[in-house]
Amino acid sequence: MKELVEVIARSLVNHPEDVVVTETVDENGEVVLTLSVAEDDMGKVIGRQGRIAKAIRSVVKAAASREEKHVTLDIQ
């Protein structure tokens, strides 16, 4: 999942070297992915009215459901 988010985010931003994705597992066993990008690229990742962020989350959830996991994506 981490690599999937990195590929998508790096294709969207102007500074792909600043894309950082961290993966943690909470106490419930849910995977939490945290996406960090450069400050001026934040709008490109979120999109108008959050449409791009919703699309990324949908792709990640679809990929996670194939592996029977629960994944949450936080964008910072």
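Read-outs throughout are calculated quantities, based only on the coordinates presented, and are distinct from any laboratory measurement. All figures in this text were calculated on a predicted structure; none of them were measured in a lab. Ideal geometry is used to build each Cβ from the backbone, glycine not excepted, and the neighbour counts take in all protein chains shown.
So how many residues does segment 38-75 have that are charged (D, E, K, R) and not in a helix (DSSP H, G or I)?
Total meeting the criteria: 4.
Just need a number here: residues in segment 22-70 that are among the acidic types (Asp, Glu), under 13 Å from Ala9 (Cβ atoms) and under 13 Å from the mean Cα position of the chain (by Cα).
So the answer is 0.
Would you be able to tell me the number of residues in segment 42-76 that are surrounded by 12 or more Cβ atoms within 10 Å (Cβ to Cβ) and polar (S, T, N, Q)?
1
In segment 1-37, what count of residues is obtained for those that are assigned to a strand (DSSP E or B) and in contact (Cβ under 8 Å) with a residue 24 or more places away in the chain?
So the answer is 6.
May I ask you to list the residues in segment 26-41 that are over 14 Å from Leu73 (Cβ atoms) and either loosely packed, with under 15 Cβ neighbours inside 10 Å or touching a strand residue (DSSP E or B) at 6+ places or on another chain (Cβ under 6 Å) (or both)?
Result: Glu27, Asn28, Gly29, Glu39, Asp40.
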